[in-house]
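Asks: Before I ask anything, let me first share the structure, which is written out below as structure tokens.
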Amino acid sequence: MSNINESFPLADVAVEEPRDKNRLALRRLLYGRILRSLSVGFWVSVIAFLMIRLSPGDPVQIALGAEATEASVKQMRHELGLDTSIFQQFYNFITGIFQGDLGKSFYSGRTVTDIVGTHLPVTLMVIALSILLGVIMAIPIALAVALSKNQLVTYFFRASTSISLALPGFFLALVGLLYFGIKLNWAPSAGYEGAFPGNLRYLWLPALVNCGSLVPVLSRVLHSSLMDTLDEEFVETGVIRGVSKIRFYWSYLLRPSLAPTVVLLSYMVGVLIGGTVIMETIFSLPGIGRELITAVNTKDYPVVQGVVLIFGIIVVFFSFIGDLLGYLLDRRVTLS
Amino acid sequence: MSEQNETLLQVIDLKIGIPHPRRETLIIVDNANFDVRSGEMVGIVGESGSGKTMVCRSIIGTLERRGAKVLGGQVLFGGQDLAQISETNWKKLRGKSIGYVPQSALAGPNPVLTTQQQLAEALRRSEAPGTIAEQSRRLLDLVKIRRVDTVMKQYPNQLSGGMRQRVMIACALASNPKLLIADEPTTGLDVTVQSQIMQLLQEIRADFGTSIILISHDLALIDDVCDRVVVMHAGATVEVGSVTEMVNPKHPYTLALNQSRIDIAVPGSELVTILGNAPSVGEWNPGCRFVERCTFKEEDCKVGSHPPLFGERGSHQSACLHRDKLKG
């Protein structure tokens, strides 16, 4: 043994400087995401541009009605720039984006950026509230089930999350509206008021309905990560060191388990946007989703294109935030 | 050297089981018996499932979270029976006089804490002089980590396996423990790193008089570094003795383990393996649990309960009814 001692007097530290490595990874992530959002943005705008034009119906016909004269149709077509080739129209759309100009609504004449600016905050508020409520509910549920030694609790958890997932959002919304809105009168059944704390009474019910699908997914994923973590050997060291309860729950159970859930949540923002569009219609909220539905029905090309593009950017942005948060919580997550 | 003979830990007739609400309690350890004296390095050897790790968990008080329970026997340490301690009392006791180095270097450290944070946790109740930072540096020095400033800020996944295990040893030493339990501390590490870690453990023992329990399935390793050996098979201690005594085993299982050692195998000859597999937990046969694999078995081995350790406690003990047949 003494030979070994002489040949290996000290531990060899063959590691890179952590700071530089982290910084490099973060910078790479940032650049990668900027590139990715550009490409996603481009393809989303191509698809939005084509889809609305491929679907049947002519915006000018819809605007002017069946009795419009040939001349007025022609003139409006020219005014809206629809008499040029589809390539010219696409070129105009793309160059407009880079100048911050998403075009004007065919009908109201408002700029798309103005429409988005007025209505997007409502939608974002519903989404933010859904995420907040969802996380507040999912974490204690997953923790309680994971720590419970009773098998029945796990069965009940599995069954109830499946049922909740199987119920469609619009059904939950209508039941919620009948119960909380009309019977208990806890939430107004329609309408909206703009300022922040006051508008919450219009928003909490739609957000809660969104949680009907969000909480089962999040709590299931978190539960399974927690079960894996509980099996890990490092939990033993936490027990032995006798760390405080809060510290144990956070540093030894939740934090090593949260990353998959956080990343999933950020990717679910796209699904949440879809759900929120339906909620806005049912609850008559002046969100961007309702504007989008109206615009699709009336073939309001610029509004549809603009709003779909914004949705794409939001989804990419949230997935970036999710990956970053996952990495900050748990360094085992690799940034790619 | 007078301290050498003072008994620090006594595991007496320990029985551990996993209770089940509907089925019978699953017994995983029965008849575990051994002592650890001050400043001594004791190796516990046995196949997987022999209950080595469970015995250790009963010493550090983490059986409960794995669903297991002490059903009988005693674990005497510092005048207390650890087998009888309630969870609330464990909270005061843990991390004070017993240090623990977990099984796998890869899964041992908490992945979301930096070295600094891990050490700060381990040092929380330290009464040694100096700030947490100073004590942390001293501990890392002690386990011979060179670039302390770098390592302090690193997360476990940025460290090599050997480094992680050094950090874990540093954490285990934070409370200046009388007893250090290292549960297969070199699993998954390559041979040079393994010998460095073993070297480190020996130095810690020499410098601080810390008693060390080294769990391993590698008899050659235990032979190299330990004073005494505890051989476990199917949840029971089958033989206890000093490393020199173990050269002439008194139990057929130890004999078989000795014969199957790769390091002493004659080149060109076929490797000796132990007959059959260790009986699974819950499928123990009556009588001696080694009987199915034993080449010395007789009719009386197959009846009654598992034989106890024969001989005086502290001497070379064996749990074989026919131990005399093995001599010579």
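Asks: Assuming residue B:140 fulfils every condition listed in (1) closer than 30 Å to residue B:28 by Cα; (2) within 12 Å of another protein chain (Cβ to nearest Cβ); (3) modelled with pLDDT of 90 or more apart from one, which condition is it?
Replies: Every condition holds for residue B:140 apart from (1).
Asks: Moving to a separate point now. For residue A:10, state whether it is under 30 Å from residue A:306 (Cα atoms), among the aliphatic types (A, V, I, L, M) and either assigned by TED's automatic domain parsing to the domain that holds residue A:298 or at pLDDT below 80 (or both). Talk me through it step by step, then tell me what you get.
Replies: On the way: under 30 Å from residue A:306 (Cα atoms): no; among the aliphatic types (A, V, I, L, M): yes; either assigned by TED's automatic domain parsing to the domain that holds residue A:298 or at pLDDT below 80 (or both): yes.
Judged against the criteria, residue A:10 is not a match.
Asks: Just to be sure before I move on: is residue A:84 under 26 Å from the mean Cα position of the chain (by Cα), surrounded by 12 or more Cβ atoms within 10 Å (Cβ to Cβ) and either free of Cβ contacts under 8 Å to residues at least 24 places away in the same chain or more than 30 Å from residue A:194 (Cα to Cα) (or both) in the structure I sent?
Replies: Numbers: under 26 Å from the mean Cα position of the chain (by Cα): no; surrounded by 12 or more Cβ atoms within 10 Å (Cβ to Cβ): yes; either free of Cβ contacts under 8 Å to residues at least 24 places away in the same chain or more than 30 Å from residue A:194 (Cα to Cα) (or both): yes.
In short, no.
Asks: Against the definition (touching a Gly at 6+ places or on another chain (Cβ under 7 Å) and without any contact (Cβ under 8 Å) to a residue 60 or more places away in the chain), how does residue A:103 come out, yes or no?
Replies: Details: touching a Gly at 6+ places or on another chain (Cβ under 7 Å): yes; without any contact (Cβ under 8 Å) to a residue 60 or more places away in the chain: no.
In short, no.
Asks: Let me ask something else. If I ask for residues that are away from chain A (no Cβ under 11 Å) and hydroxyl-bearing (Ser, Thr, Tyr), which ones from segment B:144-197 would you list?
Replies: Selection gives B:186 alone.
Asks: Given the residues A:295, A:259, which is the only one that is in contact with a Lys or Arg (Cβ under 8 Å, 6 or more places away or on another chain) and modelled with pLDDT of 90 or more?
Replies: Details: A:295 fails: in contact with a Lys or Arg (Cβ under 8 Å, 6 or more places away or on another chain).
Among A:295, A:259, only A:259 is in contact with a Lys or Arg (Cβ under 8 Å, 6 or more places away or on another chain) and modelled with pLDDT of 90 or more.
Asks: Among the residues of segment A:137-194, which ones are of a type in the set (Phe, Trp, Tyr), under 25 Å from the mean Cα position of the chain (by Cα) and not in a helix (DSSP H, G or I)?
Replies: Within segment A:137-194, just A:192 meets the criteria.
Asks: When segment B:66-110 is examined, which residues are found to be of a type in the set (Gly, Ala, Ser) and either surrounded by fewer than 19 Cβ atoms within 10 Å (Cβ to Cβ) or touching a Phe, Trp or Tyr at 6+ places or on another chain (Cβ under 8 Å) (or both)?
Replies: Within segment B:66-110, the subset of a type in the set (Gly, Ala, Ser) is B:67-68, B:72-73, B:78-79, B:83, B:86, B:95, B:97, B:99, B:104-105, B:107-108.
B:67, B:72, B:78, B:79, B:86, B:97, B:107, B:108, listed by residue number.
Asks: A further question follows. Of all residues being under 17 Å from the mean Cα position of the chain (by Cα) and among the acidic types (Asp, Glu) in segment B:181-214, which is nearest to residue B:57 (Cα to Cα)? Just the residue, please.
Replies: Top of the filtered list is B:183.
Asks: Check A:251, A:244, A:219 and return the single one that is assigned by TED's automatic domain parsing to the domain that holds residue A:317 and within 19 Å of residue A:333 (Cβ to Cβ). Walk me through it before giving the result.
Replies: Numbers: A:244 fails: within 19 Å of residue A:333 (Cβ to Cβ); A:219 fails: within 19 Å of residue A:333 (Cβ to Cβ).
After ruling out the rest, the residue left standing is A:251.
Asks: Identify, from the list B:104, B:50, the residue that is within 12 Å of chain A (Cβ to nearest Cβ) and either at positive phi or among the hydroxyl-bearing types (Ser, Thr, Tyr) (or both).
Replies: Working: B:50 fails: within 12 Å of chain A (Cβ to nearest Cβ).
Every option except B:104 fails the conditions.
Asks: Going through segment A:247-298 one residue at a time, which ones are among the hydroxyl-bearing types (Ser, Thr, Tyr) and without any contact (Cβ under 8 Å) to a residue 12 or more places away in the chain?
Replies: Going through segment A:247-298, the residues among the hydroxyl-bearing types (Ser, Thr, Tyr) turn out to be A:249, A:251-252, A:257, A:261, A:266-267, A:276, A:281, A:284, A:294, A:298.
Matches in segment A:247-298: A:294 only.
Asks: Another question, if that's okay. Restricting to segment B:198-225, count the residues that are within 14 Å of another protein chain (Cβ to nearest Cβ) and over 26 Å from residue B:77 (Cα atoms).
Replies: So the count comes out to 4.
The values are calculated or read from the model by the stated rules, or taken from the named source; none is laboratory data. From a predicted model like this one, the values you see are computed outputs, not experimental measurements. All Cβ positions, even for glycine, are placed from backbone atoms using ideal geometry, and neighbour counts span all protein chains on display.
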